[in-house]
Amino acid sequence: MKNDHPCLFSFFNIKSYIMMTVMITSGILLRKSGLVAPEYLSILYITMGIPLFLSAFRFYYYGIYYDEVIDLKD
């Protein structure tokens, strides 16, 4: 039986949450350690930020039009 309204946290699986936790933690540690100059970190922030920003639009689109997208798949 398919759930009509899934839980908010079911958008990602457990492996994705673990990967996000590792990436966020390593990013904070890298920034605080001072091993990499801020000029190089800014390039990393831009190259990671733009795709994340664009993927947010897809996330909100599927959240807003969830019922219509599900009807198209059936």
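The values are calculated or read from the model by the stated rules, or taken from the named source; none is laboratory data. Quick caveat, the model's predicted, so the values are computed rather than measured. Don't worry about glycine lacking a Cβ; one is built from the backbone with ideal geometry, like all the others, and counts go over all protein chains shown.
Observations on the model:
- Filter result (surrounded by 10 or more Cβ atoms within 10 Å (Cβ to Cβ), hydrophobic (A, V, I, L, M, F, W, C) and in a helix (DSSP H, G or I)) within the range 23-51: Met23, Ile24, Ile28, Leu29, Leu30, Leu41, Leu44, Met48, Ile50
Let's see how each residue does on (1) among the hydrophobic types (A, V, I, L, M, F, W, C); (2) modelled with pLDDT under 85; (3) more than 14 Å from the chain's Cα centre (by Cα):
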site: Pro6; (1), (2), (3): no, yes, yes
site: Phe11; (1), (2), (3): yes, yes, no
site: Lys15; (1), (2), (3): no, no, no
site: Thr21; (1), (2), (3): no, no, no
site: Glu39; (1), (2), (3): no, no, yes
site: Leu52; (1), (2), (3): yes, no, no
site: Phe57; (1), (2), (3): yes, no, no
site: Tyr66; (1), (2), (3): no, yes, yes
